[in-house]
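Every number here is computed from the coordinates shown, using simple stated rules; none is lab data. The structure displayed is predicted, hence computed values, not measured ones. All Cβ positions, even for glycine, are placed from backbone atoms using ideal geometry, and neighbour counts span all protein chains on display.
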Amino acid sequence: MKMRKKKRVVLKTRSAFSLVVLLLLWVSTAEPVARPQWINLSISPSAISFPAADPDDQPVVRASNQMSLTISLPQSRNWVLYLRAEGDLSSAQGVTIPISNVSWVASPKPPLLDGILVAGKNIQLGSGQGRLYNGVLTFSFNNSWNYCAGTYNQIITFTATQL
Amino acid sequence: MKEQSFTRLRPFSRNKGSAKIFLLLLSSLFIVLGFLPESLFSQASDNATLSLTAYVSARCKIEVNTSMISFTRSTWTGQPQTIAANEGPFTLTIKMTSNSGSTVNVWLVASSDLKDASTGYTIPIGTISWTAQGAGFCAGQLNNASPVLAARLSGSGIFNGSLNFSFADDPKNFAPGNYQATVTILVTGI
């Protein structure tokens, strides 16, 4: 009877020990789950325009403003940034200009990349680690005699994701 | 007292088999939780939108291969004859960005008849005519009373035409001389 009790105590001790070990193991491996998950993306200005120009004199029209870009997130975390235009440039009359005529030059490179917009497609603008304070994008528009006169608009969406 | 504290673990100890299974399940759960990618728990992201506006204004540009054409009576037959321009075809390029659905007309406007400044003699400007090549371009004859249509174009783009001018010479009525007139190319409907 005494032996049986002793065995039970030993078993309970072992169980408790195992539980403690497992808890420690979980705390150590589960630590990343508790790491902070946040990211802030800010751009300025929120609107840019391409002025009208003679296609012969200015085959490529630069946007009136450069766009600055800032990404904040927990230190040393990885991020990826995409931009997406849902459609082509379009006027109130329903006339369109392919959005692929809009391109950008980015700095600094890396982590940012130059590129050309594609309607309905996420384009990777860059990826990196840690905060980005000094991103600058200069957008350009391919000018052409073939366009109909008008005012054309489109919205592009930037999405920054912490990895 | 020690015995009391262990009673909380009684379920583990009553049955060795169930305790082992419980521990196995528990450990498995912890391990799975610990090794799951954190992205499954949450993936932070943020959005910003940028509005793009492109302004395209209606405009037109006229380009020609020469600013002057001439005709020379090189032979004398005494009979009316057609003399082609010495410079060959006159190429006319209309570059235009027009409003949607608009039609653009290109006119040749002569301000006066051909006139010899030294004698004051004149030759009717209607003696000069042209044939045309190029989509939208048409043949015509100069007129100092009203503009004459040279092309009718739709849409935006670069339109190339070639005009072959000729002079209807009538030696019996046109005295020798140096006759000149100015013709203006006019684009309307942009």
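Inter-chain neighbour count for B:138-147: the average number of beta-carbon atoms from partner chains within 10 Å of each residue's beta-carbon is 0. A simple charge model with +1 on the Cβ of Lys and Arg, -1 on the Cβ of Asp and Glu and nothing else charged puts the dipole of the range B:44-174 at about 80 debye relative to its Cα centre. The range A:53-90 and the range A:96-112 have Cα centres lying 6 Å from one another.
Note on residue B:43 and residue A:93: with the Förster distance fixed at 56 Å, the Cβ-Cβ geometry gives a FRET efficiency of about 0.85. Per residue of peptide A:141-147, the mean number of Cβ atoms on other chains within 10 Å of the residue Cβ is 6. How many angstrom lie between the C-alpha centres of the range B:106-121 and the range B:123-190? What the calculation gives is 13 Å, centre to centre.
Sorted ascending by nearby beta carbons within 10 Å, beginning with the fewest, A:67, B:96 become A:67, B:96. Please state the shape class of the range A:92-163: rounded when a/c is under 1.5, otherwise prolate if a/b exceeds b/c and oblate if not, all from the C-alpha gyration tensor. The shape class here is prolate.
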